[in-house]
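I am attaching a structure below and will ask some questions about it afterwards.
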Amino acid sequence: MLRRILCLLPVVCFALWSWELRAFSQQDDSSPAQTEKRRDKSDDTARAAEESSSKDTRIDLSPPRDDQKNHPQSGAAVVDAEDAASDVQEMHPWDPHKAAKDVEVGDFYFKRKNYHAALERYKEALVYKPNDALANFRLAECLEKTGNPSEAVTHYQEYLKILPHGPLSTDAQKALERLKASGATASSAAH
């Protein structure tokens, strides 16, 4: 008996489901005109909400009468203010992931002794992450290899400023001592 009930249960469920589906499709077919009326009514209310018939809500942005005569230099002040505002909104890219990738590619070039390509990658890493200690150290190494000892001193010092007790701090100290002994200084880097 229980087996028969369990066998009939899916059949009954399927029959009820198909009956519901047929009733729903008939309901949709019988009311396309009603659906269109509802859609038109909602469009009309949306348009009415966007438009205002009141003149009180309009904002007058025109300058006052005699403004140019009363304030002859105001145009130059507005231009100066706009220029100053544009300086404040200047954005610098910050992307530590791109900086790490640039350091990685720079290391690849450095190992292949392509110091100029590595130099460019380390510089680009510092654009995306200005206080990157590793990029500063590697850039200093490249600058030293390419014959720019004064700039190398600057970047070794920058590394030591960021990580005074970092993993490469002893190497940076030795490089600074070696470069200073050879006559390169950070002050000569400012051409």
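None of the figures in this text is laboratory data; all of them are computed from the coordinates on show. For clarity, every value in this text was computed on a predicted model and none was experimentally measured. Positions of Cβ are backbone-derived with ideal geometry, glycine not excepted, and every protein chain shown enters the neighbour counts.
In the structure displayed, which of K123/K161; K98/K145; K98/K174 lie more than 22 Å apart, Cα to Cα? List each step's numbers first, then the result.
Working: K123/K161 18 Å; K98/K145 25 Å; K98/K174 30 Å.
The answer is K98/K145; K98/K174.
I want to check the label-to-label distance for L9 and A117. Put each point 7 Å from Cα in the C-beta direction and report it in nm to one decimal.
7.0
Stretch A181-T146 to full length: gain in nm at 0.36 nm per residue minus the Cα-Cα span?
Details: separation 35, 0.36 × 35 = 12.60 nm, distance 1.81 nm.
Gain on stretching A181 to T146: 10.8 nm.
From the residues A118, L179, F137, which one has its Cα farthest along the dipole of the range 96-189 in the positive direction, the dipole being from +1 and -1 charges on Cβ of Lys/Arg and Asp/Glu about the Cα centre?
Sorting the options by dipole projection puts first A118.
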